[in-house]
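All of the numbers you see were taken from the coordinates with simple rules; none came from a lab. The structure presented is a predicted model; accordingly, all values stated were derived computationally and were not measured. Backbone-built Cβ (ideal geometry, glycine too); neighbour counts: all protein chains shown.
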Amino acid sequence: MAHIVSCLDQPSTYKDSYSKVERSRQAEVLSRSTTLYVGNLSFYTTEEQIYELFGKCAVPEEGGGLKRIIMGLDRNTRTPCGFCFVEYYTHGEALAAMRYVSGTKLDERIIRCDLDLGYKEGRQFGRGKSGGQVRDEHRQDYDPGRGGWGAQAQAEQERRTARERLYEDAQDGPGAVAGGGGDWREEDVQGHPYASGSGMKRGHDDMDDEEFQDRSNRPKGEPTDT
Amino acid sequence: MSRGNYDHDRRREAIPESGEQRLRSAIIKIGEDPEFHPTHELPRVAKYLRTNLPASAPAISEGFRIGVTEQPYKIPYYSSLLALLFAPEDPAPDAQDGPSTSSEHVARVVLDDFFKGFQAFLDRLAWRELRLCIHFFSHLVLLQTVSATSMLALLQSFAAVLDEPGVSFYRAQQAALCVGEGLIRAGSVLYDAHREEITELLASISSLSESYTTLKALTRPVTLYHDPAHASGSDELLDSLLAVLSELQAASFPLVSCIPRSHEHFPQTTTSPFDLPAVLVPPEVVEIDGEEAAAADPEKSSIKTDMPSSYLRLFHDESTPSLSTPAGFVLRSAFSDVIGIFEVNRKECARILLEMPRWVENGTFKGKTGVSPPEGADPPNEDANETGWILENTIVETLLSTLLLLPAPPHKPVYYFSLVTELCKASPQTVGPAVGKSFRKLYSLLGEGLDVEVARRFSEWFSSHMSNFGFNWVWREWIPDLSLASHHPKRAFIRRALEYETRLSYHDRVLKTLPPEFQAAEAEAIAAEAPGPLFEYDDPAHPLYEPAQSLLTLIRGRSKADEVVQHAETLRSTISDTPNLTPDSAVRSIAVQCLLHVGARSFSHFLNAIERYLALLRSLSNTADDKADILDAAGRFWIKNSQMVGIVFDKFMQYQIVEPGDVIAWAFRTATGHRLGTNEWDIVKVALDKSIGRVLLTKRKVALLRKEEEDVSARAKAQAAAEEDSQMDVEAEKKDDAVVSDSPALQTSLKALATLTREQRMTFSRALDEFVAVLTKSASPSIGVIGAEAWEGRADWNEEQWQFWEMWGWYRHFCRAYAVHLGTYAATLETVSLGETIGGDVGEAARLVRQTWNAALGREM
């Protein structure tokens, strides 16, 4: 159905300048992508709000669901800086979010989604000189939802401060971000292979190798909390 | 839409259009000029097309095919345009052949090619495309370009589907729509010559419709449990189709008023009409275990349900056309097709919907100009724009009644939410009031029989809509309802709508949109505080404060998982029995709440906490009782936040700490008196869907591995054949057999599939058991809400009665939403779970349980 109108689920022409994936291969990866970049978030929007909205595109009865959310953080201050990654279990769910959620409001801001190559270590941090997103450094307008401080009510101020501190413990390096749980495995039912804690190594996480055996429930590393 | 096509289209945009593309778009874009008039534009385009015939016949027929299936509202013009291709050309100076014969000939080539496309739609049973092509053919019958006899034969081929033994409801319904919508358009010509045949077609649709009476009762959006025949407030699609056809037949099939009479503008262009070739509707692909799942397109966005479609009525007949009238049926299905076709781009969809009056006769919609009358005809009535239906109400009603279809709409509900939003953005002054009226109408049906799932979807739409429009709602209007019983559907709606709003926003934001009456504690509309966690061991006075703190300290200090497991082990021996709690259960509760406490900051924090300490959770979750403890502890921790309960349970299942059956048991155990409310139902659904998803994924995997192995073995065979070319004997055959045996990977998957299938059966059995137990418990007030008299007295119902009424609703929804799966396990489930309802207890409740079950499984009485 693309003769009369364009489809809203097509990726933008954005090229991740840090990605080493070639353009031709990039299109291939995007055509199977289960991850969305979500931009223009308020700095104060929570993961649960994001979960609620993006969960509406989940198709659990086909093995889908919301795998994980990775909040974009200011590299220096460890505060949310207005973007996140939403990862589903299936590509169809990501497409549905492009069609139905991108361009609608969350927390009273119109958010923008794009198909993404998939989360890679370190991508949760802003790449701007200041630590936030590059796009915010080019922004000239005053935007109270994104760091502008108006005469906020006390309660509102407190909420915002609490939100800002939420990720002060965020870490980088391998395994700083949880995996979200993989496919069903028979071994897990019969006996818990990790009961001894011996399997607590980071799981193999190659995009092309997300198989029954490999994309396991293995913990992906360190928790970020204290 | 594959990426390949997208890239292709993009390239196409970048380079100048080729000749063929120009031809295609000349066809596709007809009528878009604001000054469009068919008698001016169509002959011009026809002439242009003819200059490119026969050379470009394939491109031209493709243009028609795209136009007809993707812009069906232009079909009256597409058909006129095609008919014009048959018209004799103006004799050109250098014309060598007789002009008339050459036009005839090339036009036939185009129609032939178009029909090849139709055959392709038929081969893959693309029902919407088939139906729209039938619209096109029907208009060509009016133009006498297609022969009436061949059209009748085509409709009869589709009608044959209705008599197929064991035909699925979906297939029969789609075929009936093809027949019926063809008759609505071409009936005026067909009926003259073929009265008997047409009467037969109607009779076969009628008997199809009658054979689904019970299933229709189960899918009505407004329903009375005691009266399955109660059908007011909604229109079932087949019923409406029949009503329309009967009305038309009674008047010898007049043309339907809203459809543009483009054919009347042009003289007959051929004396030997085209005969549509005979077709046979191919059978549905039979589902063989696993293969269907493997073949399923994971990118498909529409869900087809095998249940009747009952559309809720939101407006009066003066405001929007009824589905059961000819014009109403035509308009509603036209809007409906646009909503389906443009699902890929909701913004364009909104624009096209608002422009629909352009494509119907003047006077159809109030205040909107439709098609201009033909030249020389009477000037339009000055008042034409003052009569007619209200466009925005019609759009919104079509959209919402589709969103609220049971058991599920064709697309994800969020598509319809977003489409309403786009419509409101495109024309706030006109769409806004239609949306507001719909909110009020739906609200007024709460407690008057509006189905529980419809009410749930309504609250989800309401909150999503509010989230997009500043949470502005006139809550004042509903203040009087705050004095209704707490579990009255209206109050339940208010609570749920505010809860969903809070999830999308935050507590303070929602609170400040409410009048004081709603904020008052006794209104029970919204909590006084944000729905935070409840860590039971936070209080130093708690008897288990010390052990909980010790574990919490280890977890916070990021101690190794095995150390934490060991510490939990030690705790067990140090904790003395507390009332109601064994040391084992106490340790499980402490461990779960400590992890959730550490992970309470956000979804990611939660994931990190449980991923790090999976070993701890697993060491504590060996038996079903253990798992129940874990769910109970988590449920208490997030008791104020049903969203978090859903998230936590979903991940607990994902990490296989608990099984779907455990979660279902929790939902019933936790609900007041085991009577499910909407939030508990949501949890049951999360568990059922998880179980279904697992089986599906494993089936796909098995099918994939099978195919791989077949490929490998085929290659091996080919190789062996090549090597032992001359001596292909019994020995070689034996060798082949060895190769064919299942690989370890396949064996593992097959074993997993067997386990998961067994588990799925148990999960469904568990849910059914729980429903039956609650609903048929002897002397339970369950019975007191299903009779006619009881219903009439609902103004005096107490909390328990409303809860039972809701519970019955969820049982109905459980049966219809999971009918396919329940059918798979019907034999076991009927023996195990429904056994008692068949034999001993023949009370009212048991009878209704059984009747609902039979209806969902398609067993008509």
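Would you kindly work out the equivalent ellipsoid of the protein assembly as shown from its C-alpha gyration tensor and give its semi-axes, the square roots of five times the eigenvalues, largest first in whole Å? Can you show the working numbers first?
Numbers: eigenvalues 540, 242, 210 Å².
So the three semi-axes of the protein assembly as shown are 52, 35, 32 Å.
Could you check the simple spin-label distance between B:ALA795 and B:ARG351, using points 7 Å along Cα→Cβ, in nm with one decimal?
So the two model labels end up 5.3 nm from each other.
Roughly what % antiparallel, to the nearest 5, for the DSSP beta bridges in the protein assembly as shown? All intermediate terms of the calculation are to be shown ahead of the outcome.
Details: 22 of 26 bridges.
Counting only bridges with both partners in the protein assembly as shown, antiparallel ones make up about 85 percent.
How far, in degrees from 0 to 90, does helix B:624-637 lean away from the longest principal axis of the Cα atoms of chain B, to the nearest 10?
80
Rounded to the nearest 0.05, what FRET efficiency do B:TYR48 and B:LYS707 give with R0 = 45 Å and r taken as the Cβ-Cβ distance? Could you check? Walk me through the intermediate numbers first.
Details: r = 49 Å, r/R0 = 1.09.
Here the calculated transfer efficiency is 0.40.
Under 21 Å between alpha carbons, and skipping anything fewer than 8 positions from B:LYS701 in its own chain: which lysines qualify?
A:LYS67, B:LYS300, B:LYS690, B:LYS751
Between the alpha-carbon centers of segment B:22-91 and segment A:1-50, tell me the distance in whole angstrom.
38
Give the average over all directions of the projected area of the C-alpha convex hull of chain B, one decimal, in nm².
Its Cα hull, projected and averaged over all orientations, spans 48.1 nm².
Only bridges with both residues in chain B count here: give the DSSP antiparallel percent, nearest 5. Mind showing how you got there, number by number?
Values: 5 of 8 bridges.
Of the beta bridges lying entirely in chain B, close to 60 percent run antiparallel.
If r is the Cβ-Cβ distance from B:ALA721 to B:LYS751 and R0 is 51 Å, what FRET efficiency results, to the nearest 0.05? Show your work: numbers first, answer last.
Working: r = 33 Å, r/R0 = 0.64.
Computed FRET efficiency for B:ALA721 and B:LYS751: 0.95.
Taking the Cα atoms only, what angle lies between the long axis of helix B:660-670 and the longest principal axis of chain B, rounded to 10 degrees?
70
Based on the alpha carbons, how large is the Rg to Rh ratio for segment B:536-679 when Rh follows Kirkwood? Numbers along the way, then the final one.
Values: Rg = 14.4 Å, Rh = 15.3 Å.
Result for segment B:536-679 is an Rg/Rh of 0.94.
Take every Cα pair under 8 Å in chain B that's 6+ residues apart, average their separations, divide by the length, and report that relative contact order as a whole percent.
Details: 1063 pairs, mean separation 82.6, N = 861.
Computed value for chain B: 10 percent relative contact order.
Round to the nearest 10 and give me the degree value, 0 to 90, for the angle of helix B:38-50's Cα axis relative to the longest principal axis of chain B.
On a 0 to 90 degree scale, this one is about 80.
Report P(r) for segment B:604-718: all Cα-Cα distances, bin width 5 Å, range 0 to the bin holding the largest distance, values in whole percent.
2, 11, 18, 19, 15, 10, 7, 5, 5, 4, 3, 1, 0, 0
Multiply the residue gap between B:GLU536 and B:VAL832 by 0.36 nm, knock off their C-alpha separation, and tell me the result in nm, one decimal place.
102.6 nm
Which of the pairs B:LYS437/B:LYS490; A:LYS20/B:LYS651; A:LYS56/B:LYS651; B:LYS560/B:LYS627; B:LYS412/B:LYS441; A:LYS56/B:LYS441 have their Cα atoms more than 21 Å apart in this structure? Let's see the in-between values first.
Numbers: B:LYS437/B:LYS490 16 Å; A:LYS20/B:LYS651 32 Å; A:LYS56/B:LYS651 17 Å; B:LYS560/B:LYS627 23 Å; B:LYS412/B:LYS441 23 Å; A:LYS56/B:LYS441 25 Å.
Checking Cα-Cα distances, A:LYS20/B:LYS651; B:LYS560/B:LYS627; B:LYS412/B:LYS441; A:LYS56/B:LYS441 exceed 21 Å.
Just flag the trypsin sites (Lys or Arg not before Pro) in segment B:122-203 sitting in loop per DSSP whose Cβ has no more than 16 other Cβ atoms within 10 Å.
On the way: sites: B:ARG124, B:ARG128, B:ARG131, B:ARG171, B:ARG185, B:ARG195; in loops: B:ARG124.
Sites meeting the loop and neighbour criteria: B:ARG124.
For segment B:544-609, just run the numbers: alpha carbon Rg, then divide by 2.2 N^0.38 Å, N being how many residues it has.
On the way: Rg = 12.0 Å, N = 66, 2.2 N^0.38 = 10.8 Å.
Ratio of Cα Rg to 2.2 N^0.38 Å: 1.11.
Please provide three numbers in whole Å: the alpha-carbon extents of segment A:23-151 along the principal axes, with the largest listed first.
47, 32, 22 Å, listed from the longest principal axis down.
Please give the residues of segment B:574-617, grouped as numeric ranges, whose backbone N is less than 14 Å from a label point set 7 Å along the Cα-to-Cβ vector of B:GLN566.
none
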